[in-house]
Amino acid sequence: MRFNTKTIHAGQKNEETSGAVMPPIFQTSTYAQSAPNIHQGYDYARVGNPTRTALEKMIAGLEGTDSCACFASGVAAMDAILKMFRPGDHIIASNDLYGGSYRLFTSVFEPYGIEFSFIDMTDLSLVEEAVKPTTKMFWIETPTNPLLRVVDIEKLSDLAHKNNAFSVVDNTFASPYLQRPAELGADAILHSATKYLGGHSDVIHGAVATSNQEILDNLLFQVKSSGAVPGPMDCYLVLRGIKTLAIRVERAVANAKKIAEFLDNHPKVDKVYYPGLKSHPQHELAKKQMDDFGAMVSFSLKDDSIEAATKFMASTKYFTLAESLGGVESLISHPASMTHGSIPKEVREKAGLKDSLIRLSVGIEDAKDLIADLGQAF
């Protein structure tokens, strides 16, 4: 089954009682049992729901894993993964990563005694140097948020396994349409399904796909015990969004390529961060590891100031100033003060995140209109 077919059929079957083509929204909190602890697969909706099951089977099918567990948000999914670890355990993470991930690592789990090292994962030797006997997981973002660096999933996963650690990939930016980390050796794949999987900026959702039974058992324990689970309507919206994932991403990527080239030739732009440009340092790796280069584009201005970035973002008409990404509409954001505002300035700058850096989530509008909008904003 090829990918476009999977977005419609992976793990799906017509609903048994009615033959409904789309999985119904099972809006219930509990299920009838014929006797204590004897039930038809479900007992309480925190633990499981048929609409959620349909979505979990779909995401597992797209990522090529055996299983998937869904959560109320991408951060809730991360939280469930991190609860696998104990004081004294060590985790290696990308130094250029989503600000919410950094906050969860340093402000929530670090005080409980879990140690984190933030490393430039494009340099495998630096990752090797960071490994300790207590290292339990490599947390991999690729492409990274917001500098669009691409790291080698296969080599990092091999290194993790040689050191008896898990490799977990945040695949939110790429989506399974463009990148399937399990095929490259990753043990688990995280999604903020709020983004490309949902695709319409109308739902908050998270998911972890895996074929590793130890990881799955821990995730399901957290589903039952911590309870950060999505409601059936949320699951239905993500499932519906996935039906158009391939055509949405294909159109958005085509637009992003044109926008990246436009920005790369603009006199007021200092640097463009987009794996599809031949000047990108990991362009060849992206060609090898991804099916295409994604619809996220970041760029910095020659006037490297928050004021210049703010003035530019206030001038766009079709690019909406807002957090998040992956919807059908184009969004523009300022990582230093928005998505990455929780990261200290000195840490941001060390990772290469400038004050004037602007991040675009390119949507499916007409590329000519989007380019004209950016042009007039300059």
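The values are calculated or read from the model by the stated rules, or taken from the named source; none is laboratory data. Just so it is clear, the structure is predicted and the values come from calculations on it, not from any experiment. We place every Cβ from the backbone using ideal geometry, glycine too, and count neighbours over all the protein chains shown.
All of (1) in the same structural domain as T28 (by TED's automatic domain parsing); (2) surrounded by fewer than 23 Cβ atoms within 10 Å (Cβ to Cβ) hold for C235 with one exception: (2).
Residues in the stretch 352-378 that are surrounded by fewer than 20 Cβ atoms within 10 Å (Cβ to Cβ) and of a type outside the set (D, E, K, R) were compared, and the one that is nearest to the chain's Cα centre (by Cα) is G352.
Results for (1) buried (at least 20 other Cβ atoms within 10 Å of the Cβ); (2) assigned by TED's automatic domain parsing to the domain that holds E250; (3) closer than 24 Å to I247 by Cα; (4) under 20 Å from the mean Cα position of the chain (by Cα), shown as yes or no for each residue.
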site	(1), (2), (3), (4)
S315	no, yes, no, no
V328	no, yes, yes, yes
I332	yes, yes, yes, yes
K345	no, yes, no, no
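Residues in the stretch 200-207: is at least one closer than 15 Å to A69 by Cα and of a type in the set (S, T, Y)? No: the stretch 200-207 contains no residue that is closer than 15 Å to A69 by Cα and of a type in the set (S, T, Y). Return the residues of the stretch 200-227 that are small (G, A, S) and either within 30 Å of E323 (Cβ to Cβ) or surrounded by fewer than 14 Cβ atoms within 10 Å (Cβ to Cβ) (or both); say none if nothing qualifies. Matches in the stretch 200-227: S201, G206, A207, A209, S225, S226, G227.
Just one of T17, T7 is surrounded by 14 or more Cβ atoms within 10 Å (Cβ to Cβ) and not small (G, A, S); which is it?
On the way: T17 fails: surrounded by 14 or more Cβ atoms within 10 Å (Cβ to Cβ).
It is T7.
Determine whether the stretch 341-353 contains at least one residue that is modelled with pLDDT of 95 or more and of a type in the set (V, I, T). No, every residue in the stretch 341-353 fails to be modelled with pLDDT of 95 or more and of a type in the set (V, I, T). Within the stretch 56-77, identify whether any single residue is modelled with pLDDT of 95 or more and at positive phi, and answer yes or no. Yes, that holds for at least one residue. Please go through the stretch 217-235 and give me each residue that is more than 17 Å from L62 (Cβ to Cβ), part of a helix (DSSP H, G or I) and of a type outside the set (K, R), ordered by number. Within the stretch 217-235, D217, N218, L219, L220, F221, Q222, V223, S225, P232, M233, D234 qualify.
Only residues that are of a type outside the set (S, T, N, Q), without any contact (Cβ under 8 Å) to a residue 12 or more places away in the chain and farther than 22 Å from K83 by Cβ were counted in the stretch 93-133, giving 3.
Screening A256 against (1) under 23 Å from S330 (Cα atoms); (2) in the same structural domain as V168 (by TED's automatic domain parsing); (3) in a helix (DSSP H, G or I) leaves a single unmet condition, (2). M22 fulfils the conditions (1) more than 21 Å from M233 (Cβ to Cβ); (2) part of a loop (DSSP other than H, G, I, E, B) except for a single criterion, (1). Taken over the stretch 1-34, the criterion of being under 29 Å from the mean Cα position of the chain (by Cα), modelled with pLDDT under 90 and among the aliphatic types (A, V, I, L, M) is satisfied by M1, I8, A10, V21, M22.
Residues of the stretch 146-155 being crowded, with 24+ Cβ neighbours inside 10 Å and at negative phi, which ones?
Taking the stretch 146-155 and keeping what is crowded, with 24+ Cβ neighbours inside 10 Å, we get 146, 148-151, 153.
Listed by number, the residues that qualify are P146, R149, V150, V151, I153.
Residues of the stretch 183-203 that are under 14 Å from the mean Cα position of the chain (by Cα) and at negative phi: A188, I189, L190, H191, S192, A193, T194, K195, Y196, L197, G198.
So is L285 assigned by TED's automatic domain parsing to the domain that holds F166, surrounded by fewer than 22 Cβ atoms within 10 Å (Cβ to Cβ), modelled with pLDDT of 95 or more and not β-branched (V, I, T) or not? So L285 does not fit the description; no.
Conditions tested, residue by residue: (1) within 18 Å of K287 (Cα to Cα); (2) among the charged types (D, E, K, R); (3) within 15 Å of the chain's Cα centre (by Cα).
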site	(1), (2), (3)
L147	yes, no, yes
V150	yes, no, yes
D158	no, yes, no
H161	no, no, no
N164	no, no, no
L178	yes, no, yes
P181	yes, no, yes
